[in-house]
1. Using beta carbons and a limit of 8 Å, which pairs, at least six apart or on different chains, have the first residue in segment 83-100 and more than 15 Å from ALA60 (Cβ to Cβ) and the second one buried (at least 22 other Cβ atoms within 10 Å of the Cβ) and of a type in the set (Val, Ile, Thr)?
2. For segment 180-191, give me each residue that is more than 15 Å from GLY96 (Cα to Cα) and of a type in the set (D, E, K, R).
3. Identify all residues within segment 166-180 that are farther than 25 Å from ARG104 by Cβ and more than 16 Å from the chain's Cα centre (by Cα); write none if there are none.
4. Is there a residue being among the charged types (D, E, K, R), farther than 29 Å from ASP200 by Cα and outside any strand (DSSP E or B) anywhere in segment 64-75?
5. Being in contact with a Phe, Trp or Tyr (Cβ under 6 Å, 6 or more places away or on another chain) and among the β-branched types (Val, Ile, Thr) is the filter; apply it to segment 83-119 and report the residue that is farthest from GLU160 (Cα to Cα).
6. Does segment 51-71 contain any residue that is surrounded by fewer than 19 Cβ atoms within 10 Å (Cβ to Cβ), in contact (Cβ under 8 Å) with a residue 60 or more places away in the chain and aliphatic (A, V, I, L, M)?
7. Tell me, which residue of segment 121-145 that is basic (Lys, Arg) and at pLDDT 90 or above is nearest to VAL55 (Cα to Cα)?
Amino acid sequence: MMRNRAVLLVTVLSLLAPGCFRNSKAPEPGERFVLEYASPSQAPGRSAAAGALRVGHFSADPTFENTQMTYRPGPFRQETDYYNRWIVPPGALVSGFLLRDFRRSGTFPAIFSDGDPQAVRFLLQGHLEAFEERDNGKGRTASFAATVTLLDLSQKEISERILFQKLYRFEEPLAEAGARGLAQAMSRAVEKFSGRCIEDAAAATRR
């Protein structure tokens, strides 16, 4: 009798278990965040460079290739925030805002994205090396770093094509803790990066 009950119990559990596991889901991510800052205005009397520019898609270190927000709680540690994410991977986020800012700055006669078929003279490429929250010992900061290369495609020799390759690095303090504070601070960092990159590109193409 006891054996029959045990067999019945095992049978019932085996029938219920698939339904339980099938209906159980991992919790959905919480909120998705974007950058927000005002794009630069076109300076009056500014002359455009002698050729169109393409802003290429930014590649990124493996840590920043997905949408998860990344933070460093201490030395030799790097964690990700499951519940809060960027709306798109950081590389696409940064290159998209840089494309917008170049178009509104008036520094080039025309600006094209990576997928546009138009021929251009200048090509700007970038690689994202840091896009995370860090503890610098005095508080939490948004850490941004990117290497940018500007090429003049009209030159035949590769050594003459490279107008500059430069590492940009910015740290901005978090005004509030959490994902929203990181998005606000990172927006300020990317705004500074964008403005500096536009100035450098304009200067390099007018030599």
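1. Sorted first by the residue in segment 83-100, then by its partner, the pairs are LEU99/VAL55; LEU99/ILE111.
2. Listed by number, the residues that qualify are ARG180, ARG188.
3. Those that are farther than 25 Å from ARG104 by Cβ and more than 16 Å from the chain's Cα centre (by Cα): PRO173, LEU174, ALA175, GLU176, ALA177, GLY178.
4. Of segment 64-75, the ones among the charged types (D, E, K, R) are 65, 72.
Remaining after also requiring farther than 29 Å from ASP200 by Cα: 72.
Filter once more, so that each one left must be outside any strand (DSSP E or B): none.
Within segment 64-75, none of the residues are among the charged types (D, E, K, R), farther than 29 Å from ASP200 by Cα and outside any strand (DSSP E or B).
5. The qualifying residue farthest from GLU160 (Cα to Cα) is VAL94.
6. Yes: segment 51-71 contains one or more residues that are surrounded by fewer than 19 Cβ atoms within 10 Å (Cβ to Cβ), in contact (Cβ under 8 Å) with a residue 60 or more places away in the chain and aliphatic (A, V, I, L, M).
7. Let us first name the residues in segment 121-145 that are basic (Lys, Arg), namely 121, 134, 138, 140.
Imposing the further condition that a residue be at pLDDT 90 or above reduces the set to 121, 134, 140.
On the way: ARG121: 12, ARG134: 28, ARG140: 31 Å.
Among them, the one singled out is ARG121.
Every residue, every condition in (1) farther than 24 Å from THR67 by Cα; (2) of a type in the set (Ser, Thr, Tyr); (3) out of contact with any His (no Cβ under 8 Å at 6 or more places or on another chain), yes or no:
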site	(1), (2), (3)
HIS127	no, no, yes
ALA146	no, no, no
LYS166	yes, no, yes
LEU182	no, no, yes
ALA201	yes, no, yes
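The values are calculated or read from the model by the stated rules, or taken from the named source; none is laboratory data. Treat the numbers as computed from the prediction; the structure is a model and nothing was measured. For neighbour counting, all protein chains shown are included, and Cβ atoms are generated from backbone atoms with ideal geometry for every residue, glycine included.
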